[in-house]
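Peer 1: My questions will all concern the structure given below.
The values are calculated or read from the model by the stated rules, or taken from the named source; none is laboratory data. All of these numbers come straight from a predicted model, not from anything done at the bench. Cβ placement follows ideal geometry from the backbone for every residue including glycine, while neighbour counts extend to all protein chains displayed. Protein only, heavy atoms only, side chains kept; ligands, DNA and RNA dropped before computing areas. Shrake-Rupley method; radii C 1.70, N 1.55, O 1.52, S 1.80 Å.
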Amino acid sequence: MASIDERNKTQSYPRVYLTIARVNKGISGEELSRKLDITKSYYYSIENGKRGNKLTVILFAKIIAHLDADAKEMLEKELNYIKERNLFLKDKRKIKY
């Protein structure tokens with residue numbers, strides 16, 4: 001019997017602000033993941049909202065540094081992301097499939 005992967009039970013909500021910052025910097029997710037010393041699939045999972053719902057301060061700081069982004073602006077965007085994600089997930093739970 002196959003086990004249920006708990007990570008896939010929750011809808012994903014992408015961190016578009018990270019994708020935009022990375023593209024504006026002109027680097028691929030693979031290149032950024034190498035600089036962060038994480039797998040590219042893990043990094044892309046952070047961007048697409050499937051992983052990293054609670055990013056560690058260290059990882060978030062490394063992402064900001066490698067993207068040469070303004071820390072205050074990125075923190076504000078992450079806080080907005082968390083609020084929007086919570087609202088999105090709250091609405092999704094109301095829907096019966």
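Peer 1: Please determine whether any residue of segment 35-47 is open to solvent by less than 90 Å² (accessible area, probe 1.4 Å), in a loop (DSSP other than H, G, I, E, B) and either among the acidic types (Asp, Glu) or touching a strand residue (DSSP E or B) at 6+ places or on another chain (Cβ under 7 Å) (or both).
Peer 2: No: segment 35-47 contains no residue that is open to solvent by less than 90 Å² (accessible area, probe 1.4 Å), in a loop (DSSP other than H, G, I, E, B) and either among the acidic types (Asp, Glu) or touching a strand residue (DSSP E or B) at 6+ places or on another chain (Cβ under 7 Å) (or both).
Peer 1: Any idea which of (1) in a helix (DSSP H, G or I); (2) of a type in the set (Lys, Arg); (3) open to solvent by 80 Å² or more (accessible area, probe 1.4 Å) is the one Arg51 doesn't satisfy?
Peer 2: Of the numbered conditions (1) in a helix (DSSP H, G or I); (2) of a type in the set (Lys, Arg); (3) open to solvent by 80 Å² or more (accessible area, probe 1.4 Å), the odd one out for Arg51 is (1).
Peer 1: Search segment 36-53 for residues that are closer than 14 Å to Ser12 by Cβ and pair each with any residue that is open to solvent by 60 Å² or more (accessible area, probe 1.4 Å) and in a helix (DSSP H, G or I) when their beta-carbon atoms are under 7 Å apart and the residues are at least 6 apart or on different chains.
Peer 2: From residues that are closer than 14 Å to Ser12 by Cβ, the pairs are Lys50/Arg7; Arg51/Tyr42.
Peer 1: Give the residue, chosen from Ile4, Ile20, that is among the aliphatic types (A, V, I, L, M), open to solvent by 60 Å² or more (accessible area, probe 1.4 Å) and either assigned to a loop (DSSP other than H, G, I, E, B) or modelled with pLDDT under 95 (or both).
Peer 2: Of the residues listed, the single one that is among the aliphatic types (A, V, I, L, M), open to solvent by 60 Å² or more (accessible area, probe 1.4 Å) and either assigned to a loop (DSSP other than H, G, I, E, B) or modelled with pLDDT under 95 (or both) is Ile4.
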